[in-house]
Amino acid sequence: MNAQMTPSDGRVRFPTEIYLLRARKGAADPVKEALYYEKVADDVVRCTLCFKECRIAVKERGYCGNRENSDGTLYSLVYARPSALQLDPVEKEPCFHMLPGTTILCIGTAGCNYECRCCHNWHLSQFRIEQMEYYELPPEAIAGIAKRHGCMGVSFTYNEPTVFYEYMLDVMKACKAAGPFKTLFHTNGSLSAEPLAEILKITDAVTVDLKGFREELYQRHCTGRLEPTLKFMKTVKASGAHLEIVDLVIPTVSDNLDDIRAMCRWVKDELSDDTPIHFNRFYPSYKLLNLPPTPVSVLEKAHAIAVNDVGLKFVYVGNVPGHRYNSTYCPGCQKRLIDREHFRVRSCEVVKGRCRFCGRAIPGVWA
């Protein structure tokens, strides 16, 4: 497998099988016992999948809406029931250091354990499965679709993969069995230590949305927490899986340059200076329709802080098609290694994980 396998022109496509499948809608009976929960008292259970640790009474669900207590047993309602399947360039995740120019099968379900006011996929994340159309696709079927469409792997994205953890885990196992496939998940970083350790055994790459760098911002805009996210990223980095970070820079919310500087310093000190980070442009969405798109100049200031002030080596400006910092530059010889226009890869000069010009090692998944 190499960077030229299954080239992508940057366009989004749908698997042809989707047009032949019968979409379902309505109540979904529990079919898969959930992982990572414990019984506490009187048929009440506590979910331990994420830091929220919801206490769930009989016939109730956790915050995410996907895990239901049925007579003291916790079930996943979305197992093998994806509501979104799409063939995307891997750059769309974004994951810029993973087989550039290849196509990946992306899947998602209903539900989320956050409620981000800026969510671009709110039509999935903020709805329950009985409100959504979904397909019944066991893990082996997902691996089959990826294989038939020449994908290099499968990504778990659109909504938070934590809330369909059991399905994600089994799809990853099916993909590795059918291989060679890569696996990637795009997450808010809320997964607890034990389930994270389990899934990192078979994960090649993780993209983490870092919502900002203040606890108050997380609580007010995401119903989340910063500290578990930081711990999550350190665990991913220590595991050897490839890690990339996305910071959506939102005007008046997460565009404070001092916070961005502090975040970059944390990345350098606690992760590494070669951890890729994407400063992405915000566009009005969901509950933040009143805010303007992020000025490109603010993204460029964030880029300058990360590179010039802090010393991070792989920093990108995202959601600005055609910007020069869509591309990857070698921190050694400064030559352009991967020439991108938004999601389209025009050329790649990474050879066996190294810069073709000066031989410097470039972090990522290249084979």
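The values are calculated or read from the model by the stated rules, or taken from the named source; none is laboratory data. Note that the coordinates shown come from a computational prediction; the quantities given were computed from them, not determined experimentally. Here the Cβ positions follow ideal geometry from the backbone for every residue, glycine too, while neighbour counts run over all protein chains shown.
Among the residues making up segment 63-82, those that are of a type outside the set (Lys, Arg), in contact (Cβ under 8 Å) with a residue 40 or more places away in the chain and not in a strand (DSSP E or B) are Tyr63, Cys64, Gly65, Asn66, Leu77, Val78, Tyr79, Ala80, Pro82.
The requirement of being farther than 20 Å from Arg354 by Cα, among the small types (Gly, Ala, Ser) and at pLDDT 95 or above is fulfilled nowhere in segment 241-250; no residue meets it. The combined condition, being free of Cβ contacts under 8 Å to residues at least 24 places away in the same chain and among the aliphatic types (A, V, I, L, M), is fulfilled by Ala238.
Considering (1) small (Gly, Ala, Ser); (2) closer than 27 Å to Ile199 by Cβ; (3) buried (at least 18 other Cβ atoms within 10 Å of the Cβ), the lone condition that Ala306 does not fulfil carries the number (2). For segment 60-83, the criterion of being among the basic types (Lys, Arg), touching a helix residue (DSSP H, G or I) at 6+ places or on another chain (Cβ under 7 Å) and modelled with pLDDT of 95 or more is met by at least one residue. Taken over segment 210-229, the criterion of being out of contact with any Phe, Trp or Tyr (no Cβ under 9 Å at 6 or more places or on another chain) and either within 21 Å of Gly108 (Cα to Cα) or of a type in the set (Asp, Glu) (or both) is satisfied by Leu210, Glu215, Glu216. Out of Glu140, Glu91, Glu115, Glu136, one residue alone is modelled with pLDDT under 95, among the charged types (D, E, K, R) and either over 21 Å from Lys287 (Cα atoms) or in a loop (DSSP other than H, G, I, E, B) (or both). It is Glu136. Selection of strands (runs of 3 or more DSSP E) fully inside segment 149-267 by the criterion of at least 3 residues being buried (at least 17 other Cβ atoms within 10 Å of the Cβ) and not assigned by TED's automatic domain parsing to the domain that holds Pro284 returns nothing. Going through Ile250, Ile199, Ile277 one at a time, which residue ends up being within 21 Å of the chain's Cα centre (by Cα), among the aliphatic types (A, V, I, L, M) and under 19 Å from Lys52 (Cβ atoms)? Criteria check complete, one pass: Ile199. Screening Val40, Val58, Val31, Val45 for residues that are surrounded by 21 or more Cβ atoms within 10 Å (Cβ to Cβ) and among the hydrophobic types (A, V, I, L, M, F, W, C) leaves exactly one candidate, Val45.
Test Leu105 against the criterion of being closer than 16 Å to Tyr135 by Cα, crowded, with 24+ Cβ neighbours inside 10 Å and assigned by TED's automatic domain parsing to the domain that holds Ala205, and give yes or no. In short, yes.
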